[in-house]
Structures are given as C-alpha cells and as structure tokens.
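Just passing along the structure, written as structure tokens.
Laboratory data are not the source of any read-out in this text; all were calculated from the coordinates shown. Everything numeric in this text was worked out from a predicted model, so none of it was measured. Cβ atoms come from the backbone with ideal geometry, glycine included; neighbour counts cover every protein chain shown.
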Amino acid sequence: RDVKFALNNALNLDEFYLDYQPIIRLASGEISAVEALVRWKHPQYGILAPDLFIPEAEHSGAIIPIGRYVIAAACAFAATIPAAIAVAINVSAVQLHDASLLETIATCLATHGIAPARLEFELTETAMLDITPQTVAALEGIKALGCGLSLDDFGAGYSSIATLFYFQFDRLKIDRSLIRDAIGESRRRIILRNITRMARDIGIIVTGEGAETEQHRTALIELGFDDAQGNLFSPPLPAAELQRQLREVA
Ligand code: G
Ligand code: G
Ligand code: MN
Ligand code: NA
C-alpha cells in the first residue's frame, strides 16, 4: 500500500525522531523518567505528531520497523542521561505480536550498555484489549528481561481491572481526562484516591498525565500520586535540549 511505502521510505530517509517528555517525582521535583514520543519530520507537511501516522503504521505493519528504530534511538538516548532516569517507550499491540520484539530490545540494551530496568514499555489499555498467548508471552518476556511495564491512558475508555489483575505493571498512568475532570469534584477525587491507594499497596507507581496547572499539581499530591507528567512541568523536548538541562542540574 501507498501509506506503508511512505512510512518505510520515511524510515529509510531518517525522517523519524524522538522528543522526550519528563515524568516528575512529585515529592522531590526530580525527573523520574522521560517518555519518548515519535515525530515525523515530513519534507512537505512539516513535523507530524504520532496520532497522525501511528494508526496507519499499525494498520500497515510499518510500526514494526518504526518501533525498532524507536527502541534503538531510546536506548542510545538513555546512555547519554543519568542512570537514575528511566526511558519510557510506547508500544502498540501489533508490536507485541512481533516475534522479534524481545530480541530487538535485548540487542539494543546490549549495544548501548543500558541496564534493562532503565526501560519502561508503555501499553495503552486499548492494546490490552487484544490479549493473545503471544502478547502474554511478550509482556512476560519484557518483565523477564528486567524492563518495566506501564499501563498508559488508564481510565480513558477501556480500563479493565483484569489487566491489573493478571499482569504485573510497574507504573499506572492515569489519563489526562480524569485528572482534568477531578479538580474540585469530591466523588471523582475519592475514586482517584482509592486508585492510588490500591496501586501503592501492590507496589505500582502512579503517574498523573496532562498536569497543566498548579491546581493539578496540588490535587495530584493530595490524591496520593507519585509522579506527574504534563506541560506544567515540561512539554516534550528535543533530546539535545533535555541533555542540556540535565547537564545544568548535574
Ligand atoms: O505526542 P502525542 O501526544 O501526539 O502522542 C500521542 C500518542 O502517540 C502517544 O500517547 C502514544 O500512545 C503514541 N506514540 C507516541 N510515540 C510512539 C511510539 O514511538 N510508538 C508507538 N507505538 N506509539 C507512540
Ligand atoms: O502516551 P500518551 O498518549 O499519553 O502521550 C502523551 C501525549 O500527551 C503526548 O503526545 C503529549 O504531547 C501530550 N501531552 C503531554 N502533556 C500534556 C499536557 O499537559 N496537556 C495536554 N493536553 N497534552 C499533553
Ligand atoms: Mn504514553
Ligand atoms: Na497516556
């Protein structure tokens, strides 16, 4: 198909790159992790956000080689920042069905000398709708390598308690719609407070997404969140900008 050709061609032409958005530890303000977000520097259309091409990449299968590029680039970046900071990588359900995923991860870790625990793989809850023996093996394989697993966009629409019940996630990312709508609404705050309590009791880090205001920060702390991500703290940044900021702190 045309789209598949265009995506593979873009990969060959090196038109994809990653920005990184910090995930902040609320208690200390320190960076806990950074989330890699892929962009397409399109020769005609400029910089394209992932929601404009990831669905087509998933549909056409081009997400497999694009995903390999993302994992390799994220590992290369991890080698350039302090070891206390993890790098979060989004993966689609299609990638979990790729028999070479675990080998790709292991090879990239070895090539760049990265401790496995520094990578966290983010799965959206929609990816978790499509559970098969292969995806179960992929999730268990990621854990067996020593990497982390995050459940992304939790609460956005298809959240299933079974996902948390059967898989050992290390991080739960609460979707930004819930964070936004929780402000000042006591019933909703009770729900979130109990989600963070449950997560803490089973040893899962909870991140609030889309934190945009001081009010969000205060609410997230009060509701028991560990970490937060959003424009209040930092938008997604080019690798070089984040490296520069981290050198200044050091
Ligand atoms: O940056 P933005 O808000 O447009 O990202 C939208 C979504 O695109 C992210 O939440 C994530 O689910 C998806 N995405 C971003 N980067 C990647 C990637 O490298 N691989 C995959 N599979 N999905 C990604
Ligand atoms: O994986 P996920 O779809 O959650 O990716 C996070 C997306 O959310 C990124 O594409 C990023 O650009 C976007 N984002 C990050 N911080 C904020 C924020 O504070 N507000 C809004 N509206 N979007 C954000
Ligand atoms: Mn994500
Ligand atoms: Na998300």
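What ranking, highest mean first, results for peptides 160-168, 71-79 when packing means the other Cβ atoms within 10 Å averaged over each residue?
With the highest mean Cβ count within 10 Å placed first, the list reads 71-79, 160-168.
Would you mind checking which residues have amide H under 5 Å from residue 86's amide H? H placed 1.01 Å from N; only 5 or more apart, or other chain.
33, 34
Now, a different point. Looking at 50, 8, 238, which one has the Cα that reaches farthest to the positive end of the dipole of the chain (charges on Cβ: Lys, Arg +1; Asp, Glu -1)?
The residue sitting farthest along the positive end of the dipole is 238.
Per 0.36 nm of contour for each residue apart, how much would the distance between residue 97 and residue 218 grow if the chain were fully extended, relative to their Cα-Cα spacing?
Length gained, residue 97 through residue 218: 39.5 nm.
Output needed: percent of Cα pairs per 5 Å distance bin for the range 106-209, bins running from 0 to the one holding the longest distance.
So the P(r) values, bin by bin, are 2, 11, 21, 22, 17, 12, 7, 4, 2, 1.
OK, next. Which of the cysteines found in the chain have nothing to pair with, since no other Cys Cβ lies under 4.7 Å from theirs?
147
Please compute the Kirkwood hydrodynamic radius of the range 2-249 from all pairs of different C-alpha atoms, in Å with one decimal.
18.6 Å
Follow-up. Aspartates and glutamates within cross-link reach of residue 143: Cα-Cα under 12 Å, excluding same-chain residues under 8 positions apart?
120, 170
With everything on Cα atoms, drop me the angle between helix 133-145 and the longest principal axis of the chain, reported from 0 to 90° to the nearest 10.
The answer is roughly 80 degrees.
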